[in-house]
1. (1) open to solvent by 30 Å² or more (accessible area, probe 1.4 Å); (2) assigned to a strand (DSSP E or B): which one isn't true of A:Gln881, the others all being true?
2. Taking the conditions exactly as written (hydrophobic (A, V, I, L, M, F, W, C), facing chain B (nearest Cβ under 7 Å), without any contact (Cβ under 8 Å) to a residue 24 or more places away in the chain and open to solvent by less than 10 Å² (accessible area, probe 1.4 Å)), does A:Ile721 satisfy them or not?
3. Picking from A:Phe597, A:Phe577, A:Phe551, A:Phe586, which residue would you name as being over 29 Å from the mean Cα position of the chain (by Cα), surrounded by fewer than 19 Cβ atoms within 10 Å (Cβ to Cβ) and not polar (S, T, N, Q)?
4. Just to verify a result, which residue in segment A:497-548, among those that are open to solvent by less than 10 Å² (accessible area, probe 1.4 Å) and within 11 Å of chain B (Cβ to nearest Cβ), is farthest from A:Lys424 (Cα to Cα)?
5. Of all residues being of a type in the set (Gly, Ala, Ser) and open to solvent by less than 10 Å² (accessible area, probe 1.4 Å) in segment A:162-184, which is nearest to A:Val1078 (Cα to Cα)? Just the residue, please.
6. Could you check segment A:406-423 and list, in sequence order, the residues that are closer than 30 Å to A:Ile527 by Cβ and of a type outside the set (A, V, I, L, M, F, W, C)?
7. Which of the residues spanning segment A:942-956 are surrounded by fewer than 23 Cβ atoms within 10 Å (Cβ to Cβ) and in contact with a strand residue (DSSP E or B) (Cβ under 6 Å, 6 or more places away or on another chain)?
8. If A:Glu747 meets every condition in (1) under 30 Å from A:Gly476 (Cα atoms); (2) acidic (Asp, Glu); (3) more than 7 Å from chain B (Cβ to nearest Cβ) apart from one, which number is that one?
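The values are calculated or read from the model by the stated rules, or taken from the named source; none is laboratory data. Worth saying up front: this structure is predicted, and the values here are computed from it rather than measured. Note that we place each Cβ from the backbone using ideal geometry, even for glycine, and neighbour counts take in every protein chain shown. Just the protein is used for accessible areas: all its heavy atoms, side chains included, with ligands, DNA and RNA removed. Shrake-Rupley method; radii C 1.70, N 1.55, O 1.52, S 1.80 Å.
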Amino acid sequence: MRKFVSLVTAALCCLVTTLSAQTKEITGKVTDATGNPVPGASVRVKGIRGGVSADANGIFKINIPANAILIFSGVGLETQEINVGNLQNINVSLKQAATTSMSEVVVTALGIKREKRQLGVATQTISSDQLNKSGTGNPLSEMNGKVSGLTVINSAGDPGSGTYIRLRGVNSITGDNQPLIVIDGIPVDNSINNYDAEGNGFSASNANGNLVGGAQPTNRGLDINPDDIESVSVLKGPSASALWGMKGANGVILITTKKGSGKRGTSVTFNSSVTIDKISQTPALQNQWSKGSDGEYLGPEIGSSSTSWGAKMDTLSWDGNTSYKWDKHGAIVGNSDPSAKIPVHPYNQYDFFQTGFTTNNNVALSGNNDKSTFRLAVGNLYQTGVIPTSKYNKTTVNLSGESNITDRLHATASILYTNSYNKKIQQGSNVSGIMLGLTRTPPSFDNSNGYSDAAGHPDAYIFPDGTQRNYRGGVGYNNPYWTVNEAPTTSDLNRVLGSIQADYRLLNWMTLTYRLGGDIYTQSDKIAYNVNDESFPLGAVVLVDYISTIFNSDFIVNMHKSFNKDFEGSLIVGNNFYNNQKNTRFAEGQQLAIPGFLDMSNASTYLSSEGELRKSTMAFYAEAELNYKKQLYLTLTGRRETSSTLPKANDVYYYPSAALSWIFTELPNFKNGNIISFGKLRASYADVAHDPPPYALNTPYSTATFADGWTGGITFPFNGIPGYQISSAITTVGNTNLKPENTRSVELGADLAFLKNRIGLNVTAYYSKTTDDILPVSLPFSTGFGAIELNAASLSNKGLEVTLNTTPVLKKDLRWDLNFNWSRNISKVIQLSPGVNELLIGGFGGGEAEVAAIPGQPFGVLYGATQIHAGYNPKAPALNQNNLSSPVILNDTKGDPGFAQPLTDAGPLQVIGDPNPKWLGSVISSLSYKKFTFAFQIDIRHGGDMWNGTRGALEQKGTSQRTANRGQSVTFKGLLGHLDANGNLVHYGPDGVTEIAGPGDANTNSSVYTQYYWQNIQSSFGAPTQEVDVENAGFTRVRQVSLSYELPNDLFGKNTFSRISFTVFANNVLLWTKYDGVDPETSLGGPANAQGLDYFNNPGTKTYGVRLNFGL
Amino acid sequence: MQRYKLIPIIFAGVFICITSCQKSYFTNLNNNPNVANSVTPNLLLPTVETGLAYTQGGDISRFSTLITQQTYGAASQFQNFYIYSYSTGAFDNLWADLYTTTMENDLTLMQSADAGNDNAYSGISRVLMAYTLEMTVDIWGDVPYSKAFQANKGGTLQPTFDKAQDLYDTVSNLIDAGITFLSNANAGTIVPGGDDIMYGGDETKWIKFAHAVKARLYIHQNKGNATMAASALTEIASSFAANSDNATYTFAGTATSENPWYQFQSSSRNGNVLFALQSKGVATPFAALLTQLNDPRYFVYLDSANDLSGQPAASPATHVGGLNEYYGGISAPVEFITYDEMLFAKAEAILNSGGSMADAQTAYQAAITANMQKLGVPAGAAATYIAANGTLPATTSDAIAKIALQEYIALYLNPEAWTLWRRTGSPVLNPTTGTQIPRRLLYPANEYTLNSANTPASTLFTPKIFWDN
């Protein structure tokens, strides 16, 4: 076995293992304060990378050079250094670290390990045992609630759906605001590769994408298996990430993968979890009123009728005609009709959803010999979703090895391979979207046609002639069962991600490191629509391949020197080269000749295109650190970077950062203090630049294509005739004068520990300001173009982050950890571009609900038309014409259909909501008693608005539960008034004719909840106001609750299983929210900057599962 | 110590690597390999023609026919549009398609053709620009032109709005210059052929179209103005002589090149706009008019697909009605200006310039005949119809109203019908809500938001277009 280990390691590193004569072997045992062994404890030589891990019984064996210092560390334990001297056998007892150990080692920029105590910036670390708890296999969503200042939004509960992450605020209005993800020192791809065939095409394919339809996009961060992660360090502000350069401007998430450990030879660990998913929250639907309009039932054959404003269900009966193709109970007639047989009962549309099922299995084989370690792990996640046929299957293989080739040369290599298959479901503003067709279906129509498993019965959704069976006679919106079968979207991924690294200790105070890494993947998507799909009635097949390649090279010289007893310094100098190329191959075939044959060869018209996005950067950087008596630390960094996306004249940039930290508890007065056990104050400043996207300098010609928002539009070639355009509504004019945008930030913080580290408090306050933000500034179309690239905008963020870690109980058999995270960020758009008052970030635009950047407002506010309020003043500047907090005006024009109802008369466009939460908080508790551990996590999002467009549309369609009150009378609260011929707010005087300026008295006129009211006054669907559907989407949820039991390790006799544990857990089981739709943790736009829109988003899920871990 | 010697070697190696990674490497990397940096006029002309046809046959036709009640807004946004409930944002896409897809690309075509001395393209691009600009003015009045289209030329990003009357002069000048270029069309290295989807490169037809565009300028202003009427007659005489001259764009009928009304009807929007029957079984005003006149064009315009209960329509009275094949088919044409419109204009101009009622009636009957021939109405049915409707009443105003009524029927789905109604008041239409019918569209939200300093205030009724009375 030892030979096998060596072979694996040698093959990995492409290096030959040779022995060095100067080493000696040390053995020993690592225990905790209570005397229990610490399995997996890390043992390494100070100044040398790598090391070994203790086996299941805490036993370790390591080869070390003479006079080495050994560093022992373990999760939740304080790190200890021991000068080996002449010792051969070392038994170490590590102190319990309570919750806030400052001697903890964290991985910082460029993969350099530092003690947490010396850092001048805010970082937070998540260890492996906190990840992979939910069974979802999604590393980004696992971080939810665990780091203060980290926003994590899951787009939907679909298998493989995207997760949006953001640290602190938004630094760039239209650029990517997600933090850089770095795995073992290599920046990796977290792109969204998505094509919305029905609507926005590729424009949905990035962080500033505006996706409103299509299938829920995935971000590629999903490819990582959480089980392969040893720890995650979150470097929050730009100052923490200054060394990562332009890419790290939004913070960095540093992932360190697991390396070999275990006893000499090999060990095996296995974990397996099984979970079931249930739908969490759905929009409430009425079940009393049938399809139709004005109280009259209109059958499914009448396609022009799309609403449920028909007769009351209890006045209707089925005629029992079994040959009636639209319903097995027969056609619907009035109760008094002679053919009436069976009283109509409402169908429950949500029967559509099923129980999702997930298995997650991971096996890892690891081992070490004298100088080398390896780990080989295989993981598989197999998930079927709550939507029939939706599926995600991911297999990962991770192979890594480390070797101390000589006492000066250390080599590391690791490869992660991922293969995944995702069957996705159409969503959103999309006539093929699941929720759109499903929730608009009247209670009088059965999408399933009587089958309990209708997704498997074509009879439910397709007639023998190939036309669609839906509630609108085959037109309108897809029957959801049709969508899952006849409009499949699939995505196949193969990804290899890996790095090799060599560290050579040239001198005792100087180490050279070279690291080369790559991230290469191919994602092949197929989106198909059978003939008679509502999106593509003639049928269509779209094939898109995304081929992405990242190469990253770092050469780092690491120097460390003690000058005298008091001064110590280190200097890092490095060079980085980064290259990213992303190719897209697109082909679309329309008009399928043979229905049901969803193959490209079956199409009659073809469109195709290719894309090649290329970018390279090169940088030199340096970091100098000086400390005085391990009490005062000063860190300075500088980076000179060249980017290919900048114009030649402006393509080199320099940026600095500085951090100062003072551990005041090192002062003699604090020594042996019983109250304050550790205290540090820190301050930092950083200046980071961000380059433009590729190809932003020119305005080229492209193949002509245009659309008007109502129809699919035209795409060239036209019957074989090519056509090019320089402009369309979405063309952005290039700019050869671009320079990098710039983010300056300051951060102040304190890290305190009290009562022998039983209480740890970290507080960080920050302010950052981005200037010269590059964005496509919207242009009036009369300039001939839609936008122009400019260094125009500026915006700022300020915020506060607090983490409080406590260990209220710490006894031999009982331990309770209780941790709190809290953060608040306030963003502000300072300016866009001269004369520009509003910029669409995402959503519908054109006066319909959108997410916008507006000067003076927080980033990404909801923008749309309002009702008329008492403070309405049409002469005021745009955005300030209405005071939304003033009472609503109720129409006093007798005879108007909207008499005594809120006045919606084309209200002005204004800020109608702010999706940014007021604060985010979480409580994480873990209580262990002997072998039992009970843990839970509660997440709170306080405030934050959402435009509930789903509700608005369902009110217009008459399926919303809220419309069940039709016919009831109501007296709305508000003031009387209307708009006069000049558009000013007036009200009628006592004579009922004279118009008097301003609002009148309080309304006393009664009104009735009518179809007119729900369609034209209250709903934001196709009606003049969006304000009415803005809701508070704050929530409190039990994110996770789990109970584990660790079996005694001698249960099956010694030396069989070293560790067995069994966990039952549940995710998202309890949710408290006022939000009146799907789970408020949702995003129509997916993992993109535009958050806060819900328009027929696919619902979220709650999960119940069991997990088994064991090691051999 | 050997190791110390390594240090300068390593640094030297790194330095060489870096200096060899010259700047040209970075610069070249930023050239997008998937786009073209220059194109010839024959690659722009199809774009401009198609953009114009798609815009007119799509948004403009939908908005204008809801106002003229040739169509009926039954559901979703179109239900609101029908009762004049518009937000400024509703016109963003239309404005964009006119200014970017159509006019900016046309201007690029014009400049490229002028630079290469490709006279035919220089001429065609001017005629298309003149037509588009005139239609834009007829919708909004004052609009940007002289300071527009500067975004890629380093000019203003907030164009001022030109006076509508001045833009009519601009249209006239574009036509004159266009005709001059077209009269010397063979100069230049490339001449249009198959890339000219409208006329296949036939310069004489382009010249006729140019005169038709100019004729519209005069006819719009000919009410009570004999000089304008006379100028109109001059231009009409040089314009179309037969239906084969019509300025028409025909769609390819492939999945990515479908007629815009067909696209609308075959999408989920089907049912938002109705053509023959309103939702409760009442005929739309237009269908009622055709029924009342016993017009043989009823089943040319409107199909007999389904009645309210889903059964084949037994009679016009019960059919919900889609658009029939001629204007609603996948490869249906979008008509810009046609021979019959010129004949109707001729009849009107004869009366306004003091000509005889008999001459006017001849032109009027010829107009109806030309229209029915174009639509494939059998000659017998056309003759019967003319016998019943072909006589003009005695007074000029009544006669013009009758001419305009028939022209309104002939201009089915054509936005010119709205202009016709605004300047003649014929046919008589009842507002769907309130007391007024829109006489213009609102300036789009896009200009109000991004060019607020220059964009005039507007309602659906004020200010009127200068020729509107």
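1. (2)
2. Working: hydrophobic (A, V, I, L, M, F, W, C): yes; facing chain B (nearest Cβ under 7 Å): yes; without any contact (Cβ under 8 Å) to a residue 24 or more places away in the chain: yes; open to solvent by less than 10 Å² (accessible area, probe 1.4 Å): no.
In short, no.
3. Values: A:Phe577 fails: over 29 Å from the mean Cα position of the chain (by Cα); A:Phe551 fails: over 29 Å from the mean Cα position of the chain (by Cα); A:Phe586 fails: over 29 Å from the mean Cα position of the chain (by Cα).
From the options A:Phe597, A:Phe577, A:Phe551, A:Phe586, the qualifying one is A:Phe597.
4. A:Leu507
5. Kept after step one, since they are of a type in the set (Gly, Ala, Ser), are these residues of segment A:162-184: A:162, A:169, A:172, A:175.
Retained after the next criterion (residues that are open to solvent by less than 10 Å² (accessible area, probe 1.4 Å)): A:162, A:169, A:172.
Working: A:Gly162: 16, A:Gly169: 25, A:Ser172: 29 Å.
Among them, the one singled out is A:Gly162.
6. Of everything in segment A:406-423, those that are closer than 30 Å to A:Ile527 by Cβ and of a type outside the set (A, V, I, L, M, F, W, C) turn out to be A:Tyr417, A:Thr418, A:Asn419, A:Ser420, A:Tyr421, A:Asn422, A:Lys423.
7. The answer is A:His942, A:Asp945.
8. Every listed condition holds for A:Glu747 apart from (1).
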